[in-house]
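Colleague: I am attaching a structure below and will ask some questions about it afterwards.
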Amino acid sequence: MENKPLESESSTGAAYVSMKGVGHKYDPRPDAAMAVQDIDLDIHRHEFVSVVGPSGCGKSTLLRMVAGLLIPSHGEVSVFNRPVTEPRDDVGIVFQKANLLPWLTVRKNVLFPLKHKYGSYSASDEKRANELLEMAGLTQFADKMPEELSGGMQQRVGIVRALLLNPDILLMDEPFSALDALTREQIGFDLLDIWKAQPKTVLFITHSISEAVLLSDRILVMSKRPGTVLDLIEVDLPRPRSQQTINSARFAELTDLIRGYIYEPNTPT
């Protein structure tokens with residue numbers, strides 16, 4: 001399906017992603033509990049927005065509604081001013097696991113979406129795949145099999161695969177949750193480098209408060225189920241971000257603010 005944004009859609013300054021009064025419940029019965037409710041959020045071009053909150057608060061539900069994998073029970077989700085009713089080609093998704101095909105090389109895994117959709121890919125597609133692998137520091141692993149890569153490298157391959165179709169919007173659903181702490185921090189910096197080289201509008205779901213502060217322009221903080229908006233926090237840390245960012249007093253202030261919402265919701269901040 002071909003539904004790239006119109007030029008007028010991408011140049012007016014309107015939100016790339018918009019949620020207005022969004023709510024959802026998985027059980028259709030009238031008395032069933034909502035998973036999320038009353039969500040309002042606008043995400044603009046090349047903005048990096050993270051969503052944090054307690055387990056089960058509906059973070060992934062929001063992402064699935066933006067992806068067109070789930071239609072909200074209430075309100076409207078729109079992309080480029082058009083209601084989302086199905087998955088779009090200009091929205092890429094990176095899941096919790098890279099889910100690489102073990103019988104394909106790294107390069108062929110990156111090219112697989114084109115092979116799956118169109119039945120083949122061109123020399124120019126291979127060239128772009130090689131450029132993306134180089135950008136992600138994976139050139140020397142392009143002909144390796146997934147089992148030969150570390151978990152962090154596999155996740156980078158998953159990100160590169162999502163970028164191959166050059167989506168305007170990138171949705172990331174806890175993509176680093178299976179990694180150890182040190183690898184997770186390093187791949188966070190890797191993602192910032194990739195985002196700088198290939199600017200995208202990003203909605204990033206995470207359980208890690210420090211990860212959200214490191215990566216984001218803004219952070220949506222959600223309440224426990226049914227998930228609602230507790231705050232939308234501007235991350236006023238200069239870019240590019242670095243280890244010095246993590247060690248700064250402002251970084252600590254922002255992480256403490258968010259922890260107060262999540263772990264001590266009845267305590268004034």
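Colleague: Quote the charge dipole size of region 49-129 about the Cα centre in Debye, to the nearest 20; the model charges only the Cβ of Lys and Arg (+1) and of Asp and Glu (-1). Display every interim value, and only then the final one.
Modeller: On the way: 11 positive and 6 negative charges, 61 e Å.
The calculated dipole for region 49-129 is roughly 300 debye.
Colleague: Now, a different point. So for region 59-154, considering every pair of alpha-carbon atoms, how many percent are separated by more than 21 Å? Present the calculation step by step, with values, prior to reporting the outcome.
Modeller: Details: 2117 of 4560 pairs.
Of all Cα-Cα pairs in region 59-154, 46 percent lie more than 21 Å apart.
Colleague: Might you tell me the accessible area per residue for region 17-163, computed with a 1.4 Å probe and given in Å²?
Modeller: On the way: 6990 Å² over 147 residues.
Ligands and nucleic acids excluded, the figure is 48 Å² per residue.
Colleague: Output needed: percent of Cα pairs per 5 Å distance bin for region 10-101, bins running from 0 to the one holding the longest distance.
Modeller: Final binned percentages: 3, 12, 22, 24, 19, 11, 6, 2, 0.
Colleague: Related question: With a point put 7 Å past each Cα toward its Cβ, work out how far GLU131 is from ARG239 in nm, to one decimal.
Modeller: The two pseudo-label positions are separated by 2.0 nm.
Colleague: Enter the angle in degrees (range 0 to 90, nearest 10) between the Cα long axis of helix 181-197 and the first principal axis of the Cα atoms of the chain, meaning the one along which they spread out most.
Modeller: Value to nearest ten degrees: 70.
Colleague: HIS44 versus GLU147, label points 7 Å from Cα toward the beta carbon: distance in nm?
Modeller: Reported label-point gap for HIS44 and GLU147 is 5.0 nm.
Colleague: Can I ask one more? Please state the equivalent ellipsoid semi-axes for the chain: what are the square roots of 5 times the Cα gyration tensor eigenvalues, largest first, in whole Å? Intermediate values should be presented prior to the final figure.
Modeller: On the way: eigenvalues 179, 111, 61 Å².
That gives 30, 24, 18 Å for the three semi-axes.
Colleague: Of LYS25/LYS224; LYS25/LYS196; LYS59/LYS97, which ones are farther than 25 Å apart at the Cα?
Modeller: On the way: LYS25/LYS224 15 Å; LYS25/LYS196 36 Å; LYS59/LYS97 17 Å.
Among LYS25/LYS224; LYS25/LYS196; LYS59/LYS97, the Cα-Cα distance tops 25 Å for LYS25/LYS196.
Colleague: Follow-up question, since we're still on this one. Would you list which aspartates and glutamates come within 13 Å of LYS108, measuring only between C-alpha atoms, while excluding same-chain residues fewer than 8 positions from it?
Modeller: ASP125, GLU126, ASP143
Colleague: Taking region 176-269 as the region of interest, what is the percent of Cα-Cα pairs per 10 angstrom bin, listed from the shortest bin to the one with the maximum distance?
Modeller: Calculated P(r), rounded to whole percents: 14, 48, 32, 6, 0.
Colleague: Which percent of the accessible heavy-atom area of the chain goes to carbon and sulfur, probe 1.4 angstrom?
Modeller: Solvent-exposed carbon and sulfur of the chain make up 51 percent of the total.
Colleague: What percentages, rounded to whole numbers, describe P(r) for region 164-209 computed over all alpha carbon pairs with 5 Å bin width beginning at zero?
Modeller: Calculated over all Cα pairs of region 164-209, the distribution is 5, 19, 28, 28, 14, 6, 0 percent.
Colleague: Quick one: if the Förster radius is 25 Å, what FRET efficiency do PHE95 and ASP31 give, using the C-beta to C-beta distance and rounding to 0.05? Could the numbers behind the result be given before it?
Modeller: Details: r = 33 Å, r/R0 = 1.30.
Once the sixth-power term is evaluated, E becomes 0.15.
Colleague: How far, in degrees from 0 to 90, does helix 151-163 lean away from the longest principal axis of the Cα atoms of the chain, to the nearest 10?
Modeller: Computed tilt is about 90 degrees.
Colleague: Please compute the volume of the convex hull spanned by the alpha-carbon atoms of region 56-106 and report it per residue in Å³. Write out the running numbers ahead of the final one.
Modeller: Numbers: hull volume 5.6 nm³, N = 51.
For region 56-106, the hull spanned by Cα atoms encloses 110 Å³ per residue.
Colleague: With r defined as the distance between the Cβ atoms of LEU104 and ILE71 and R0 fixed at 30 Å, what FRET efficiency is calculated, to the nearest 0.05? Please report the intermediate quantities before stating the final value.
Modeller: Details: r = 33 Å, r/R0 = 1.09.
After rounding, the FRET efficiency stands at 0.35.
Colleague: Just grab the label-to-label distance for GLN140 and LEU182, each label 7 Å out from Cα along the Cβ direction, in nm (one decimal).
Modeller: Reported label-point gap for GLN140 and LEU182 is 1.9 nm.
The values are calculated or read from the model by the stated rules, or taken from the named source; none is laboratory data. On a predicted model such as this, the values are computed, not experimentally measured, just so you know. Backbone-built Cβ (ideal geometry, glycine too); neighbour counts: all protein chains shown. To get the accessible areas, we keep the full protein, side chains included, count just its heavy atoms, and leave off ligands, DNA and RNA. Shrake-Rupley method; radii C 1.70, N 1.55, O 1.52, S 1.80 Å.
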